[in-house]
Amino acid sequence: MNLLIQYPSSVVIQRLLTVLEFVPDGIYIVNPEGITLYVNAAYEKLSGFKRKDLVGRYMGDLINEGYIDQSASLMVLEQKKTLSIMQKLGRKKDVIVTGRPVFNQDGNIEMVVSSVRDITYLNQLKNDLERVETISKLNNHRFTFDFVGEQKSQFLFNSPQMKEIVQKVEQVAPFPTSILITGPSGAGKEEIVNLIHHMSDRHKKPLIKVNCAAIPEALLESELFGYEGGAFTGSKKEGKMGLLELADGGTFLLDEIGEMPLPLQAKLLRVIQDKKVQRIGSNKSKKIDIRIISATNRDLEKKMHAGEFREDLFYRIAVVQIEVPPLRERLGDIDVLIDHFFYNFKEQYRIEKELLPKTKQVLQDYHWPGNIRELKNIMESLIVSIPEVIIKPEHLPRHIFHSAYKLFPKNLKNQIENYEKMIVEEAINRNNSIRKAAKELGVHHTTLLKKLQRWGEGG
């Protein structure tokens, strides 16, 4: 089926088709049933498809077979008006398609004529410009540095609080002083450790990181101090070098040091005091030169008063203290980090996405209880799990999207209630249970349920 067969008596049609063959834009014509009547030579060249494979075919079938991702012609037939869409040909080439209905004397659509223009190059220019602008913007708030044998690391900030921390790091990094970094989980404590190591004269030596909460107590001692062969059942015959010894000349991070058992705290204190390490099963000590950095999200002074952390160790590891505030207190960093992670994940997964300004505003106003780690995970999720190119506020996770409605309380009562909602929401997220959250908050389970129902958040 083609245009000449449908309109065999029309000399005008024949002349029109001849003219259309010389039009530089692709031309695509369908009948009222969405069946392809005609494509011109420019469309064949643009799409790489042969007209013999398209003429007589239903547009819906061509979508299902991957020729196009959507059909302007079918939309025009449905909506009965001219419209333009972005279309991808063969999942590769970007085009803009404008479909125009041709009505007969009875007001019915007789055919749809669509013009198709290649915008792949324009999109590439747009993407390149966006990439340059984003990189330029990020470079204003970035430390980039290399570790030996590792990929480049980046430290981004724009808030007064983080600028003050960076200045402090620049001051203390050259000295071998022990440093304690405190702050909530996901706030960026490990990035501060990387920065200290990079700015020190130890940056070409090892940076060894140990999470004291992640290694079972029975194994932690042998991991830290090493052992001689045959020191205990199951030990290697040749023995093993401990991580403290392995870090000689470099920097050693004790992450989550608040979880270290008391007996190990005593041994660590001796290492810091004597600058020597002794393997399990050995009577010899080896001199080491390491800088100790400790990190925790716990209140170590409270643990000291409870007898769970040694006071003498605390003062040894906390010669310099750096407190990393939660992300919600560093509003200047949120915008920079959103751009950084969104851009990086687009590059990593080779996916083109765009955040609407109002979507970004919701993200900037969210209180981020999970800090940078939560923000990074949300950005990755938006890139890989949202099929649309334009990311709208409603594409955000429900708890973030709903938070947008609580941002602008008008009076003191509403402000207090807004703050109360935030505390309750964080407690429920931490405990994964309304009952446990109520217990933590010191209110009755029924009281909390009534509040949630009043706020429209309860089931």
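Taking segment 17-33 as the range and being outside any loop (DSSP other than H, G, I, E, B) and exposed (fewer than 14 other Cβ atoms within 10 Å of the Cβ) as the test, the residues that pass are Thr18, Val19. For segment 81-119, give me each residue that is polar (S, T, N, Q) and either modelled with pLDDT of 90 or more or not assigned by TED's automatic domain parsing to the domain that holds Asn64 (or both). The answer is Thr82, Thr98, Asn108, Ser114, Ser115.
For (1) touching a residue at least 12 places away in the same chain (Cβ under 8 Å); (2) out of contact with any Phe, Trp or Tyr (no Cβ under 7 Å at 6 or more places or on another chain); (3) within 20 Å of Ala41 (Cβ to Cβ), each residue gets a yes or a no:
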{"residue": "Gly56", "(1), (2), (3)": "yes, yes, yes"}
{"residue": "Gly60", "(1), (2), (3)": "yes, yes, no"}
{"residue": "Ile68", "(1), (2), (3)": "yes, yes, yes"}
{"residue": "Met75", "(1), (2), (3)": "yes, yes, no"}
{"residue": "Thr82", "(1), (2), (3)": "yes, yes, no"}
{"residue": "Leu89", "(1), (2), (3)": "yes, yes, yes"}
{"residue": "Lys93", "(1), (2), (3)": "yes, yes, yes"}
{"residue": "Val97", "(1), (2), (3)": "yes, yes, yes"}
{"residue": "Gly107", "(1), (2), (3)": "no, yes, no"}
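Which of the residues belonging to segment 288-304 are within 23 Å of Phe225 (Cα to Cα) and part of a loop (DSSP other than H, G, I, E, B)? Within segment 288-304, Ile288, Asp289, Ile290 qualify. All of (1) surrounded by 16 or more Cβ atoms within 10 Å (Cβ to Cβ); (2) under 16 Å from Gln321 (Cα atoms) hold for Thr177 with one exception: (1).
Restricting attention to segment 259-285, and to residues there that are without any contact (Cβ under 8 Å) to a residue 12 or more places away in the chain and among the charged types (D, E, K, R), which single residue is nearest to Gly230 (Cα to Cα)? Once the filter is applied, the top-ranked residue is Lys284. The set of residues in segment 216-240 that are surrounded by 17 or more Cβ atoms within 10 Å (Cβ to Cβ) and either at pLDDT 90 or above or under 23 Å from Glu256 (Cα atoms) (or both) comprises Leu220, Glu221, Ser222, Leu224, Phe225, Gly226. If you go through segment 34-62 and keep only what is part of a strand (DSSP E or B) and surrounded by fewer than 16 Cβ atoms within 10 Å (Cβ to Cβ), you end up with just Tyr58. The requirement of being out of contact with any strand residue (DSSP E or B) (no Cβ under 9 Å at 6 or more places or on another chain) and at pLDDT 90 or above is satisfied by Gly186.
The condition (being buried (at least 19 other Cβ atoms within 10 Å of the Cβ), in contact with a Ser or Thr (Cβ under 9 Å, 6 or more places away or on another chain) and under 18 Å from Arg310 (Cα atoms)) is satisfied by just one residue among Ile257, Ile272: Ile257. When Glu329 is tested against the conditions (1) modelled with pLDDT of 95 or more; (2) out of contact with any strand residue (DSSP E or B) (no Cβ under 9 Å at 6 or more places or on another chain), the lone failure is (1).
The values are calculated or read from the model by the stated rules, or taken from the named source; none is laboratory data. What you see is a predicted model, and the numbers here were worked out from it, not measured in a lab. Every residue, glycine as well, gets a Cβ built from its backbone with ideal geometry; the counts of neighbours run over all protein chains shown.
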